[in-house]
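The values are calculated or read from the model by the stated rules, or taken from the named source; none is laboratory data. What you see is a predicted model, and the numbers here were worked out from it, not measured in a lab. Counting neighbours? That spans all protein chains shown, and the Cβs are built from the backbone with ideal geometry, glycine included. Accessible surface areas use protein heavy atoms only, side chains included; no ligands, DNA or RNA. Shrake-Rupley method; radii C 1.70, N 1.55, O 1.52, S 1.80 Å.
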Amino acid sequence: MSEIGVWITALTTLAIYSFLYRDNPFYKAAEYLLIGLTVGYSLVISVKTVLWPGLVLPLVGGDLAKIIPLVLGGLMIIRLVPKLTVWSRIPLAVIVGAGAGVSIPAMLKARILQQMGATVGHVASLNGIIMLVGVIATVMYFYFSREQKGILQPVAKIGTWYMMIFFGATFGYTVMSRVSLLIGRMEFLLGDWLHLLGG
Amino acid sequence: MRTRLPVIICGVFGVFMAAQYFITAEPVTAMYRAVLDWMQIIFVCALLVGILNVILRQLKSAARPGPDRVYAGIALFGIALMVVLGFGWGIGRGSAFLWVFNNVQAPMQTTVFSLLAFYVASAAYRGFRARHFESALLIAAALIILLGRVPIGEMISSHVPAVVSWVLNVPAVAAKRAILIGIGLGMTATAIKVIAGLERAYLGSRTR
């Protein structure tokens, strides 16, 4: 990283960390700069990597089939004109319908059948039995078609125990990932910028 | 027409995209790929709608007198900088566009995420009180994961990494699988309702 790059990165990093004291103009300026850069980045990347090679170049090359996505995309963009918003329902219907259609076999296979297969496939071991009990109990916790009384109540209770362990593990991982990001930023500020770290 | 045509289009595309999974004929596969391309282009156009909306809002804020004027100007400067660099000098390796991304945008994003470390710690301090058996389990799982993934865990006991591995691979996976099965069932049911025209929320609130 060049010296000017280090300084820009250090100053924007400090501006964002100033929020730890309280909301202030430096933080707000950095926040708006980040929003602007992200919006600009998304605009350039989406046009250069999708619209240009996937729509404009084929159309210029004479691929008339690309007129359909051109019209659908155009109908989506005219959503910005309040009187014409209703036309954007057509491209919305295409992506929602096609997305729903694609998701049915994909969900059935990956989220239901494969997960169930992996669960019942290892019941010969103690861990396999513990896992099977956990999956059934947790699924029963989300069974709302009947009031959770009788046998359903203790089974759902066991499900909550499994979920708490899962949420705790997820929370632990989240804390670790955020702390490692913080360590990275501190290493940058103290090492690359201020040269206080040895080695 | 305002409601019926989109519902019919949604149903036709939904049935086709679900049915193509079971049909291997080349014309059907080619049509499936074409629809995926169309979806990608529509997604980008939807993103453009959002981007243009942000630009219009910032322009309005910049035109109004007040303290937000400066911040809107900074946001517009950021957008203009990336657009000029990206379209003017390209986005390849060694470009100014990539330099701004690597030296300004990416570190700022990392810093914003790292800010959460402080708030996660303060939330944990306030929220982690073992009032019930369930909350005690949550705390224990979090602490075991935290201890097991740093060197001090192994210094406390050589069994800590094995316990962490068991917690992650058995009870945590069981709950995750059950949640995934629930999500799968819910998404399948919602997809069928959308294709059948029973779920029309995507068309806006006036159509319900």
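The table below gives the values:
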| item | result |
| --- | --- |
| Carbon and sulfur %, accessible surface of chain B computed with the full protein complex present, 1.4 Å | 67 percent |
| Span-rule helices in chain B, defined as complete DSSP H runs reaching 15 Å or more along the axis (Cα) with Kyte mean at least -0.5 | B:4-19, B:26-63, B:68-89, B:106-127, B:133-148, B:171-196 |
| Rounded accessible area per residue of the stretch A:1-62, 1.4 Å, Å² | 52 Å² |
| 10 Å Cβ neighbours from other chains, averaged over peptide B:78-86 | 6 |
| Sequence of B:L138, B:L52 from largest to smallest accessible area, 1.4 Å probe | B:L52, B:L138 |
| Cα gyration tensor shape for chain B, rounded if a/c is under 1.5, else prolate or oblate | oblate |
| Low-density loop cleavage sites - chymotrypsin sites (Phe, Trp or Tyr not before Pro) in the stretch A:1-103, where at most 10 other Cβ are within 10 Å (DSSP) | A:Y21 |
| Chain B, helix-only ellipticity at 222 nm - DSSP H runs n ≥ 4, -39,500 (n - 2.57), divided by all residues, nearest 500 | -26000 deg cm²/dmol |
| Cα-projected label distance for A:I183 with B:A123, points at 7 Å along beta-carbon direction, nm | 2.1 nm |
| Rounded, prolate or oblate (a/c below 1.5 giving rounded, otherwise prolate when a/b exceeds b/c) for chain A by Cα gyration tensor | oblate |
| Whether the stretch A:136-199 is rounded, prolate or oblate, judged on the alpha carbon gyration tensor where a/c under 1.5 counts as rounded | prolate |
| With all protein chains modelled, accessible area of B:K60 [1.4 Å, Å²] | 140 Å² |
| Alpha carbon centroid spacing (whole Å) that separates the stretch A:8-69 from the stretch B:172-193 | 33 Å |
| Highest-fluctuation residue, B:G66, B:G50, B:G148 considered, GNM on chain B with Cα pairs under 10 Å | B:G66 |
| Average beta-carbon neighbours from other chains, 10 Å sphere, peptide A:177-184 | 6 |
| The stretch A:104-199: chymotrypsin sites (Phe, Trp or Tyr not before Pro) falling in loop per DSSP and having at most 14 other Cβ within 10 Å | A:Y143, A:F144 |
| Residue-averaged beta-carbon neighbours from other chains (10 angstrom radius) around B:116-123 | 5 |
| Calculated FRET efficiency for the pair B:L143/A:Y21, C-beta based, R₀ 22 Å, to 0.05 | 0.15 |
| Extension gain, B:L185 back to B:V28 (0.36 nm per residue minus Cα-Cα distance, nm) | 53.8 nm |
| Percent carbon-and-sulfur accessible area, chain A, ignoring ligands, DNA and RNA, probe 1.4 Å | 72 percent |
| Per residue accessible area in Å² of chain B, where ligands, DNA and RNA are left out and the probe is 1.4 Å | 57 Å² |
| Förster radius 30 Å - calculated FRET efficiency between B:V150 and A:H122, Cβ distance, rounded to 0.05 | 0.50 |
| Protein accessible surface hidden between A and B, which excludes ligands and nucleic acids, total in Å², probe 1.4 Å | 9700 Å² |
| List B:M187, B:M108, ordered by accessible area with a 1.4 Å probe, largest first | B:M187, B:M108 |
